[in-house]
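Just below is one structure, and these are the notes that go with it.
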Amino acid sequence: MATQALVSCSCTSVSAKEQFGSAFWGAPSSSSNNPIISGSGYDDAQARCFRRRARAPLPGVRMAISRKKKEETVDRAKQQLEGAYLVAGIKYAGLTVKQFQQLRKSLPQDTTLMVAKNKLIGKAIEGTRWEALKPALTGMNAWLFVHTEEIPAALKPYRTLQKELKLENNDFSGAVFEGRFYSPEEFKALETMPTRADLYSKLLGTLKSPSSNLVGTLQGPARNLVFTLKAYVKKLEEEA
């Protein structure tokens, strides 16, 4: 009876192989063909459960694998930080895999969406110009790495998705641009930044404006001089 209760539990600290010997583990899953299971009421599901536990990595191996994955995530984040113009956190709690895929497809080519724990992102930004991002390291975040100067275009796809799905609670958690941290309330400044085309147009207008003023300045005194000379000539003619 005690043995039966032990087998029905899937969370035993001792492996089934240690409890019942290698004969059980090497035997077929069917209880009728297993000399140890036969007649004791063990079913195929319990047998499969024990086999999975025996194949599972040892705790030390699991820790090593987990540590390696964390290190790989930190390395990927560091690679994304290189050459980035802006990094923003997105609160993704409640988003489905399909919605994430939809968002990724709508992002510009030079923008990457990455899901990583705050602690790992914290390690990636440590000692870099991106340390200002620390206030955003709260809650569940996906991270937007923008490698283009077109900041509004990079932020717009998520804002559009947020409105479509009515995700009022899934706002940006913060961003860093040019070394400064932007809170969620300050994102309007980022989303309304002029585009590169707008900047070029403004620059061109600025260059043209001084030229026009210069011409006007040079032409103005010349006209005045002509008028003054004409008036003087007319006066001389009248006196003659």
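Summing charges over all other residues whose Cβ lies under 12 Å from the Cβ of residue 155, with Lys and Arg as +1 and Asp and Glu as -1, gives 0. With θ taken as phi - 60° and the Karplus curve 6.51 cos²θ - 1.76 cosθ + 1.60 applied, the whole-hertz 3J(HN,Hα) list for the range 114-124 is 9, 9, 7, 5, 4, 4, 6, 5, x, 5, 5 Hz, x standing for glycine and proline. Here is the P(r) of the range 130-176: all C-alpha pair distances, binned every 5 Å from 0, give 5, 18, 27, 25, 19, 6, 1 in whole percents. Taking every alpha-carbon pair under 8 Å whose residues sit at least 6 apart, the range 52-175 reaches a relative contact order of 38 percent.
Above 22 Å, the calculated P(r) of the range 87-165 contains 24 percent of its Cα-Cα pairs. With 18 Å as the limit on Cα-Cα distance, the pairs of 69/98; 78/123; 91/117 that go past it are 69/98.
Highest first, please rank the peptides 114-120, 143-149, 186-192 by the mean number of other Cβ atoms sitting within 10 Å of their residues. Don't jump to the answer; show the numbers that get you there.
Working: 114-120: 15.7, 143-149: 20.1, 186-192: 13.3.
Highest to lowest by the protection proxy: 143-149, 114-120, 186-192.
Couplings for the range 82-96, taken from phi via the Karplus curve 6.51 cos²θ - 1.76 cosθ + 1.60 with θ = phi - 60°, read 5, x, 6, 8, 8, 10, 10, x, 10, 6, 9, 4, x, 6, 8 Hz in order; Gly and Pro are left as x. Between amide H atoms placed 1.01 Å from N, distances below 5 Å from residue 177 occur with 182, all of them 5 or more places distant or on a separate chain.
For the range 51-176, with every protein chain kept in place, what is the accessible area per residue (1.4 Å probe, Å²)? Intermediate results must be reported in sequence, preceding the final value.
Details: 7350 Å² over 126 residues.
For the range 51-176, the per-residue accessible area is 58 Å².
If r is the Cβ-Cβ distance from residue 110 to residue 69 and R0 is 22 Å, what FRET efficiency results, to the nearest 0.05?
On the way: r = 26 Å, r/R0 = 1.20.
Computed FRET efficiency for residue 110 and residue 69 comes out at 0.25.
The values are calculated or read from the model by the stated rules, or taken from the named source; none is laboratory data. Remember, predicted model here, so these are calculated numbers, not experimental data. Here Cβ is always computed from backbone atoms with ideal geometry, including for glycine, and neighbour counts include all displayed protein chains. Remember, those area values only see protein heavy atoms, side chains included, never the ligands or the DNA or RNA. Shrake-Rupley method; radii C 1.70, N 1.55, O 1.52, S 1.80 Å.
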